[in-house]
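K.L.:
What follows is a structure written as structure tokens; I'll ask about it next.
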Amino acid sequence: MYWKNAFIYTLREDPSEAEIISHKLMIRAGMISKVSSGIYNYLPLGLRVIRNIERIIREEMEAAGAAELLMPAVVPASLWQESGRWDLYGRELLRVKDRKDNEFCIGPTHEEVVVDIVRRSVKSYKDLPLNVYQIQSKFRDEIRPRFGLMRGREFIMKDAYSFHASDVCLEKTYQLMKQVYTNIFSRFGLDFRPVEADSGAIGGDVTHEFHVLADSGEDKIIFCPECDYAANVEKAAAQRDTHFGASLEEIAQPEHVETPNKKTIDEVSEYLGIAPHMTVKMLVYKREDDSLVGVLIRGDLTLNEVKLKNHICAEYIELPYDEELSVAGLVPGYMGPLGLDHTLPIFADYSVKNMEHAVVGGNKEGVHTRNVSPRRDLSHLEYGDFAMADAGDSCRCGGTLDSCRGIEVGQVFKLQKKYTSSMGMSFLTAEGKADTPTMGCYGIGVGRTAAAAVEQNFDSDGIVWPEEIAPYAVLLISLDPKDAEVAQLTKTLHDTWENRGIDVLVDDRKERPGVKFKDADLIGIPHQIIIGKKSLKKGQVEYKNRRKKEKQSLGIDAVAEHI
Ligand code: ATP
Ligand code: MG
Ligand code: MG
Ligand code: MG
């Protein structure tokens with residue numbers, strides 16, 4: 001491929017809206033461009049990275065016996081009504097109507113569609129297990145689309161769905177998929193970690209997230225350096241809730257409650273003192289008699305129902321959100337002003353007016369509270385602070401836990417019978433009885449993985465692509481494209497490598513060498529071959545390894561074999 005045909009336009013300056021390195025560099029390298037908030041073009045150079053990621057995913061999925069299909073982006077509401085998610089999913093779901101007023105959504109995930117496909121054909125245990133996947137564009141109307149491909153609204157996902165006659169069989173495929181994900185992210189050349197995750201909306205099920213480790217990651221991971229324990233903070237917090245167990249009620253000492261029992265949701269939200277320019281989702285825990293237990297608030301929450309022991313989580317509501325005061329911390333339910341009648345932690349990533357205590361750790365004997373005044377600095381309190389203090393019961397070896405930041409690039413999930421049962425799918429067992437299949441689902445964010453790769457692979461000059469997903473393997477920089485010998489060698493090398501299946505990009509633009517070198521480092525192709533007439537007179541070309549930055553002279557006979 002020649003640069004003039006490759007549609008690559010680089011930028012010298014960082015785009016003003018870009019906050020993190022991958023967003024800046026992918027825009028500057030001409031890999032993506034913004035169309036609208038959270039909606040991007042994949043330009044030729046960026047698309048090549050996406051295609052490489054997809055190729056590796058396909059190879060590993062097919063090797064594990066999964067079959068590729070493609071489902072529609074536009075999904076009729078009727079399927080989502082069957083599963084019950086039409087009413088539960090919230091505002092991340094983009095709903096549209098056709099000319100006849102029929103309702104549809106732009107699929108944010110495809111459990112409903114895949115169950116509908118499979119239930120039409122699969123009737124017997126003999127058809128199970130099966131695993132199908134697609135690579136497709138999803139749409140989620142994220143509250144805060146940001147960081148380029150990292151948190152888009154339209155984004156490419158690989159989503160796989162498996163169906164089984166038994167939980168034992170599901171467990172086997174679940175473990176296989178975890179292994180497949182480990183293979184995939186290893187082949188990408190990324191530093192990653194599988195972590196236990198909180199099943200949130202679905203409740204009680206097993207799930208793991210795969211995180212690429214990076215300081216810019218939106219998620220916090222708690223891990224043990226001594227053993228293999230690793231969990232995201234939500235999971236660590238959930239483990240802590242479970243651990244609190246019976247002591248929850250014990251901790252709710254009446255003397256801690258300064259105000260009368262029940263508060264209405266309106267009163268609680270009014271209490272939170274909220275500015276109008278943002279929204280935050282809020283989970284409201286209620287008992288069966290409708291009394292309020294507590295609220296769970298997080299800026300990016302997408303869950304609509306959480307089961308917490310015998311408490312019923314009723315609903316979430318959206319509230320305006322004062323971003324300026326944003327902190328993450330745990331506010332115990334017994335804090336006076338909220339007047340909750342029983343203790344339940346409030347996870348906050350906002351600040352609360354007049355907050356009196358924040359829990360920073362706790363165990364069966366009680367909680368450690370710190371006196372805080374919200375108008376003072378709460379930024380030292382992170383959501384993970386308390387989780388870390390408590391997860392030490394979950395860690396197998398009792399080691400001292402540590403934390404780091406991660407980017408969630410994939411997730412595997414035991415869905416069990418949630419969708420097959422709500423959508424009435426059944427099969428005949430070997431004994432001739434009707435049963436409901438059990439399901440797993442397995443997602444990978446394709447675009448987010450490309451961005452995460454940049455977060456781990458860059459230097460002051462630009463991107464340093466890992467070999468397996470680099471847009472091209474070799475960049476041939478011709479410094480004197482008009483010189484006949486230079487042009488001849490450039491063409492010979494280009495053709496030789498193309499014939500061998502090595503992707504090569506030729507920069508034979510009429511530009512100064514400095515411009516070409518800068519662009520070369522910015523777009524991050526792993527191997528650079530520089531051909532100039534001066535060195536060619538001596539029978540030499542120059543080789544530069546983008547990662548090591550080392551330059552080396554090569555004889556022209558050796559260069560073709562060097563790559
Ligand atoms: P997050 O917690 O970051 O919002 P999620 O848990 O909602 O992600 P999943 O439903 O698990 O996402 O989707 C599978 C994968 O799709 C994620 O692991 C992630 O890699 C990717 N993904 C999810 N949301 C986005 C997004 N808005 N932009 C880009 N990729 C995304
Ligand atoms: Mg999400
Ligand atoms: Mg997540
Ligand atoms: Mg997820």
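The values are calculated or read from the model by the stated rules, or taken from the named source; none is laboratory data. None of these values were measured; they are calculated from a predicted model. Positions of Cβ are generated from backbone atoms using ideal geometry, with glycine treated the same way; all protein chains shown enter the neighbour counts. To get the accessible areas, we keep the full protein, side chains included, count just its heavy atoms, and leave off ligands, DNA and RNA. Shrake-Rupley method; radii C 1.70, N 1.55, O 1.52, S 1.80 Å.
K.L.:
Let me make sure I get this right: for region 465-563, a, b and c are the square roots of the gyration tensor eigenvalues over alpha carbons, sorted descending. Under 1.5 in a/c it's rounded, otherwise prolate if a/b > b/c, else oblate. Which is it?
P.N.:
On the way: a/c = 1.44, a/b = 1.22, b/c = 1.18.
Rounded, since a/c falls under 1.5.
K.L.:
Quick one: grab the alpha carbon gyration tensor of region 95-215, order the square roots of its eigenvalues as a ≥ b ≥ c, and give me rounded if a/c is under 1.5, else prolate or oblate depending on whether a/b is larger than b/c.
P.N.:
Values: a/c = 1.95, a/b = 1.01, b/c = 1.93.
Oblate, since a/c reaches 1.5 and b/c is not below a/b.
K.L.:
Whose amide H sits under 5 Å from the amide H of Leu476, counting only residues 5 or more places off or on another chain, with H placed in the peptide plane?
P.N.:
The list, which skips near neighbours in sequence, is Leu505, Val506, Asp507, Ile529.
K.L.:
May I ask you to order 72-84, 467-479 by the average number of other C-beta atoms within 10 Å around their residues, highest value first? Don't skip to the end; give the middle numbers.
P.N.:
Details: 72-84: 16.2, 467-479: 22.3.
Result, highest mean Cβ count within 10 Å first: 467-479, 72-84.
K.L.:
Counting Lys +1, Arg +1, Asp -1, Glu -1, what net charge surrounds Leu190 among other residues with beta carbon under 11 Å of its beta carbon?
P.N.:
Details: positive: Arg187, Arg193; negative: Asp191, Glu455, Glu468.
Net charge around Leu190: -1.
K.L.:
With a ≥ b ≥ c the root eigenvalues of the C-alpha gyration tensor of region 62-113, is it rounded (a/c under 1.5), prolate (a/b larger than b/c) or oblate?
P.N.:
Cα axes put region 62-113 in the prolate bin.
K.L.:
Continuing with the same structure: Can you tell me which of 443-455, 45-57, 6-18, 489-501 comes out highest on packing, and rank the rest after it, using the mean Cβ neighbours within 10 Å?
P.N.:
Numbers: 443-455: 26.3, 45-57: 20.8, 6-18: 13.0, 489-501: 15.2.
For the peptides 443-455, 45-57, 6-18, 489-501, the packing ranking is 443-455, 45-57, 489-501, 6-18.
K.L.:
Further question on the same structure: I'd like the accessible area for Cys224: 1.4 Å probe, protein heavy atoms, all chains in place, Å² to the nearest 10.
P.N.:
0
K.L.:
Quick check on packing: order 115-122, 92-99 by the mean number of other C-beta atoms within 10 Å, highest mean leading. Let's see the in-between values first.
P.N.:
Numbers: 115-122: 16.9, 92-99: 12.8.
In descending order of packing, they fall as 115-122, 92-99.
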